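Asks: Provided herewith is a single structure, encoded as structure tokens, for subsequent inquiry.
The values are calculated or read from the model by the stated rules, or taken from the named source; none is laboratory data. In this text, all values refer to a predicted model and were calculated from it rather than measured experimentally. Counting neighbours? That spans all protein chains shown, and the Cβs are built from the backbone with ideal geometry, glycine included.
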Amino acid sequence: MSLRTVPAQNMHHPFMQHLSNQLREIGVTTLRYNFPYMDAGAKRPDPPAVLEASVCRAIEKAKEMAGELPIIAGGKSMGGRITSQALAQKPDPGASAVARSPRQSISWP
């Protein structure tokens, strides 16, 4: 599973660590990543095209690492929205999306 969180939180946020640990306990490996603006220390998110390209790179990396195993790309809040947008614009037959907003969960193959 490829995971990305909300704008003000990076991949080391306790929520992301806890979720990754919980998924590992049931046999799901995760790949957490930051968007470029987080690594640069900026507070303002990158433009959507940059964020979506980051999602696509993370999915490709996950596919390289996972071989034939299924890939589930997801995120919380903005991370989920950008993940779903990226896969809607560039569908990847090797990846499914799960988006998590603060109020609801949405998933589709």
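Asks: Among the residues of the range 53-74, is there at least one that is in a helix (DSSP H, G or I), in contact with a helix residue (DSSP H, G or I) (Cβ under 9 Å, 6 or more places away or on another chain) and farther than 24 Å from LEU23 by Cα?
Replies: Scanning the range 53-74, I find at least one residue that is in a helix (DSSP H, G or I), in contact with a helix residue (DSSP H, G or I) (Cβ under 9 Å, 6 or more places away or on another chain) and farther than 24 Å from LEU23 by Cα, so the answer is yes.
Asks: Okay, moving on. So which residues in the range 73-97 are hydrophobic (A, V, I, L, M, F, W, C), surrounded by fewer than 20 Cβ atoms within 10 Å (Cβ to Cβ) and more than 15 Å from TYR37 (Cα to Cα), if there are any at all?
Replies: ALA88
Asks: Can you tell me how many residues within the range 58-69 are surrounded by 13 or more Cβ atoms within 10 Å (Cβ to Cβ) and without any contact (Cβ under 8 Å) to a residue 60 or more places away in the chain?
Replies: Selection size over the range 58-69: 6.
Asks: Moving on. Go through (1) under 18 Å from PHE15 (Cβ atoms); (2) of a type in the set (Lys, Arg); (3) modelled with pLDDT of 85 or more for LYS61 and report which single condition fails.
Replies: Status for LYS61: all satisfied but (1).
Asks: Quick check, is LEU31 surrounded by fewer than 13 Cβ atoms within 10 Å (Cβ to Cβ) and closer than 15 Å to SER96 by Cα?
Replies: no
Asks: Restricting to the range 34-48, what's the tally of residues that are over 19 Å from ALA62 (Cα atoms) and either surrounded by 11 or more Cβ atoms within 10 Å (Cβ to Cβ) or in contact with a Gly (Cβ under 6 Å, 6 or more places away or on another chain) (or both)?
Replies: First, pick out the residues of the range 34-48 that are over 19 Å from ALA62 (Cα atoms): 37-48.
Those left that are additionally either surrounded by 11 or more Cβ atoms within 10 Å (Cβ to Cβ) or in contact with a Gly (Cβ under 6 Å, 6 or more places away or on another chain) (or both): 37-39, 42, 45-46, 48.
Of the residues in that region, 7 qualify.
Asks: Yes or no: GLY41 at positive phi, part of a loop (DSSP other than H, G, I, E, B) and modelled with pLDDT of 85 or more? Give the derivation first.
Replies: Values: at positive phi: yes; part of a loop (DSSP other than H, G, I, E, B): yes; modelled with pLDDT of 85 or more: yes.
Considered against the rule, which asks whether it is at positive phi, part of a loop (DSSP other than H, G, I, E, B) and modelled with pLDDT of 85 or more, GLY41 comes out as yes.
Asks: While we're looking at this one, here's another question. Hey, SER2 hits all of (1) modelled with pLDDT of 90 or more; (2) within 11 Å of the chain's Cα centre (by Cα); (3) not β-branched (Val, Ile, Thr) but one; which does it fall short on?
Replies: In the conditions (1) modelled with pLDDT of 90 or more; (2) within 11 Å of the chain's Cα centre (by Cα); (3) not β-branched (Val, Ile, Thr), SER2 misses (1) alone.
Asks: Next question, about the same structure. Please enumerate the residues belonging to the range 18-41 that are more than 17 Å from ILE71 (Cα to Cα) and small (Gly, Ala, Ser).
Replies: Listed by number, the residues that qualify are ALA40, GLY41.
Asks: Give the number of residues within the range 20-38 that are in contact with a strand residue (DSSP E or B) (Cβ under 7 Å, 6 or more places away or on another chain) and outside any loop (DSSP other than H, G, I, E, B).
Replies: 3
Asks: On to the next question. If a residue has to be surrounded by 12 or more Cβ atoms within 10 Å (Cβ to Cβ) and either at pLDDT below 60 or over 25 Å from PRO48 (Cα atoms) (or both) to count, how many in the range 5-16 make the cut?
Replies: Counting residues in the range 5-16 that are surrounded by 12 or more Cβ atoms within 10 Å (Cβ to Cβ) and either at pLDDT below 60 or over 25 Å from PRO48 (Cα atoms) (or both) gives 3.
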